[in-house]
Amino acid sequence: NAGVTQTPKFQVLKTGQSMTLQCAQDMNHEYMSWYRQDPGMGLRLIHYSVGAGITDQGEVPNGYNVSRSTTEDFPLRLLSAAPSQTSVYFCASGPGGSYFGPGTRLTVL
Amino acid sequence: AQTVTQSQPEMSVQEAETVTLSCTYDTSESDYYLFWYKQPPSRQMILVIRQEAYKQQNATENRFSVNFQKAAKSFSLKISDSQLGDAAMYFCAYRRNAGGTSYGKLTFGQGTILTVHP
């Protein structure tokens, strides 16, 4: 039982590049979500999903896309990275985000 | 919209002493959950304790306990017998308990950095 896994752990992008942050959970949770953590602002919700095929926007969705084709996976896509997206990204799973992944530190130059 | 405020950016405590971290929140809901998360330098988010708004009794988990004042919308965390391993950033968080999509939505405070002195 691996819990919530995220890849990669670190990533550096140039402005305008695209990439996908991967998130997977093996606990059969319906609820999964993505947060970003910025200094002095706590964690803010980007997108969330209540099951395969169902996603919705959180507090800061602009610049990010998600899809949920399986219960296990919930990838977060940055279509055209911007320096403002430099942050630490967390995937969470379970009711109220009971389980968090280890995070991805993303730097956009 | 719900908001969560942690007014103490930093706190410190001596090892074996007790420290209390403050959190206030604003909501028009009556049914909700409150949480405290710990984030050590490893960056991992760890759920420390949770409180359901409809429960009168304050939650306790070993050395961690909360003081939940629903009318005042206050939710403080007390750490007793502080240990060096308690040093971390602590986040207070809120979510509605309305079912459906609300289960996936946490609102976090800004965090409090706790330093434990030997």
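Couple of notes before you dig in:
- Single match in B:Ser42, B:Ser28, B:Ser22 (criterion: among the polar types (S, T, N, Q) and modelled with pLDDT of 95 or more): B:Ser22
- Candidate set: the range A:52-94, residues that are part of a loop (DSSP other than H, G, I, E, B) and open to solvent by 60 Å² or more (accessible area, probe 1.4 Å); chosen: the one nearest to A:Gln25 (Cα to Cα): A:Glu72
- One residue stands out among those in the range B:35-79 that are charged (D, E, K, R) and not in a strand (DSSP E or B): the one that is nearest to the other protein chains (Cβ to nearest Cβ), which is B:Arg43.
- Subset tally (residues that are touching a residue at least 40 places away in the same chain (Cβ under 8 Å) and away from every other protein chain (no Cβ under 14 Å)) for the range A:50-75: 3
- The criterion of being at pLDDT 95 or above, open to solvent by less than 10 Å² (accessible area, probe 1.4 Å) and either in a strand (DSSP E or B) or of a type outside the set (Val, Ile, Thr) (or both) does not hold for A:Tyr48.
- Selection within the range A:95-106: residues that are out of contact with any helix residue (DSSP H, G or I) (no Cβ under 9 Å at 6 or more places or on another chain) and outside any loop (DSSP other than H, G, I, E, B). The member of this set that is farthest from the other protein chains (Cβ to nearest Cβ) is A:Thr104.
- Within the range A:26-45, the set of residues being loosely packed, with under 15 Cβ neighbours inside 10 Å and facing another protein chain (nearest Cβ under 7 Å) comprises A:Gly40, A:Met41.
- Scanning the range B:73-87 for residues that are open to solvent by 50 Å² or more (accessible area, probe 1.4 Å) and either under 13 Å from the mean Cα position of the chain (by Cα) or at pLDDT below 95 (or both) yields B:Lys73, B:Lys78.
- Matching residues, the range B:88-109, being more than 20 Å from B:Lys55 (Cα to Cα), surrounded by fewer than 18 Cβ atoms within 10 Å (Cβ to Cβ) and either at pLDDT 95 or above or not small (Gly, Ala, Ser) (or both): B:Thr101
- First in the range B:22-34 and outside any strand (DSSP E or B), second anywhere and hydrophobic (A, V, I, L, M, F, W, C) and modelled with pLDDT of 90 or more, Cβ under 7 Å, 6 or more apart: B:Cys23/B:Val4; B:Cys23/B:Phe75; B:Cys23/B:Cys92; B:Ser30/B:Ala53; B:Asp31/B:Ala53
The values are calculated or read from the model by the stated rules, or taken from the named source; none is laboratory data. These numbers come from a predicted model, not from an experiment. Cβ coordinates were reconstructed from backbone atoms using ideal geometry, including for glycine residues, and neighbour counts include every protein chain displayed. Surface accessibility is based on the protein's heavy atoms, side chains included, excluding ligands, DNA and RNA. Shrake-Rupley method; radii C 1.70, N 1.55, O 1.52, S 1.80 Å.
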